[in-house]
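The block underneath contains the structure these notes are about, expressed in structure tokens.
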């Protein structure tokens, strides 16, 4: 490479650095600015506005001779000064203390959250791979989830799969790197959620609303035709997210319900129980939260509710196997029929709802769980 070619390459590289740097400042700031602070920066330059804003807000100062030198190489010390100045700018525009160091510091804040998350179902497994399908993308891909929330859509309204699906990670739930301060931990949304498969049902549970965008049923119990329920498939039932519906006391078969005490009194619902006061990110329910109301609780089987529910599910499941509606070796509870008499379908649907979809064994809504089990038992003559 000749010296001239080398100089041209370095010049192009410097240009890219300058443009990327000032463009980043422009996107971060999004504010108005004046013009004409540096004589060597023309108003028709693509980076003019960003440089003007950065100078006005003390992020850059230029040279002693008054020039900015937009195509000069950026030294490490100069870059460090720019980032430090931007950090100070953030302090002045936030509350005087919030800066990048809110997150990026020598504590275990970030590593602790990521470690706990990596052990959760959101951070493990291969379910995110289903995000390539339009019908699954809104919930199975972190990137598509963010896009879905930004568009104000429900999972059934997503029309395209994600060609590069990701797990549900920090960016799926939080507004990461929008302010470069602790405000980035703000949730993507906390708006109440209308359950798209349950007419008239709205979940309004504070921060837990974020979870309910996906943790809602995909379908309700269908109407019988001549006493028969058709259209049963291996993935029949409310699908993998009816926890919100269980808490509201809706979307089951053959029984009416009401919102649970947990929905009504637990602050932030899902988040209140599954993250707890320390914002743990394994998403396992926090026993200490239960002990607020149940001081003697040792685990989540309060008053033996979970034990009773599991015993009743075992009896109902065995009856469904005997009727040929379930396979005895299918641990995921996939139906083996395409249609069934309405009574048997009620029992099958409620068993799937409680045993393989809600999975709280009654904790989310004990009275409604009892009502659904009773409907199943009566339908099977147990």
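Every read-out reported here was derived from the displayed coordinates using simple, explicitly stated rules and does not represent laboratory data. Nothing here was measured: the structure is a model prediction, and the numbers come from that model. All Cβ positions, glycine included, derive from the backbone under ideal geometry; neighbour counts span all protein chains shown.
In Å, what Rg and Dmax follow from the Cα atoms of the range 193-380?
Rg, Dmax (Cα atoms, Å): 16.5, 54.
May I ask for log10 I(q)/I(0) of the range 36-169 at q = 0.11, 0.15 Å⁻¹, from a Debye sum over the Cα atoms as equal point scatterers with solvent left out?
Summing over Cα pairs of the range 36-169 leads to -0.72, -0.88.
Tell me the mean residue ellipticity at 222 nm calculated for the chain from its helices only (DSSP H runs of n ≥ 4, each -39500 (n - 2.57), averaged over every residue, nearest 500).
Estimated from H runs of four or more residues: -12000 deg cm²/dmol.
Among 260, 144, 101, which comes first, second and so on when ranked by fewest other beta-carbon atoms within 10 Å?
Least to most surrounded, the residues fall as 101, 260, 144.
Which angle between 0 and 90 degrees, to the nearest 10, do you get for helix 342-352 versus the longest principal axis of the chain when only C-alpha atoms count?
For helix 342-352, the angle is close to 40 degrees.
In what sequence do 328, 244, 135 fall when counting other Cβ within 10 Å, fewest first? Working shown, then result.
On the way: 328 11, 244 30, 135 14.
Exposure proxy ranking, most exposed first: 328, 135, 244.
For the chain, list log₁₀ I(q)/I(0) at each q in 0.09, 0.15 Å⁻¹, using the Debye formula over Cα point scatterers of equal strength and ignoring solvent, two decimals each.
The Debye formula, applied to the Cα set alone, gives -0.68, -1.35.
Relative to the first principal axis of the alpha-carbon coordinates of the chain, what is the inclination of helix 305-322, with its axis defined by its Cα atoms, in degrees from 0 to 90 and to the nearest 10?
Taking Cα atoms only, the helix is inclined about 70 degrees.
I'd like the orientation of helix 76-93 relative to the chain: the angle between its Cα long axis and the longest Cα principal axis, in ° from 0 to 90, rounded to 10.
Rounded to the nearest ten degrees, it is 60.
Give the residues of the range 234-273 whose amide nitrogen is closer than 17 Å to a point set 7 Å from the Cα of residue 154 in the direction of its Cβ.
237-252, by backbone N distance to the label point.
Could you tell me the distance between the Cα centroids of the range 175-238 and the range 311-382, to the nearest Å?
22 Å
Between 312, 219, 76, find the one with the highest GNM mean-square fluctuation for the chain; connect C-alpha pairs within less than 10 Å.
Comparing 312, 219, 76 in the GNM, the peak value goes to 76.
Determine Rg/Rh for the range 127-185; Rg is computed over alpha-carbon atoms and Rh is the Kirkwood hydrodynamic estimate from the same atoms.
Numbers: Rg = 11.7 Å, Rh = 11.4 Å.
Radius of gyration relative to Kirkwood radius: 1.03.
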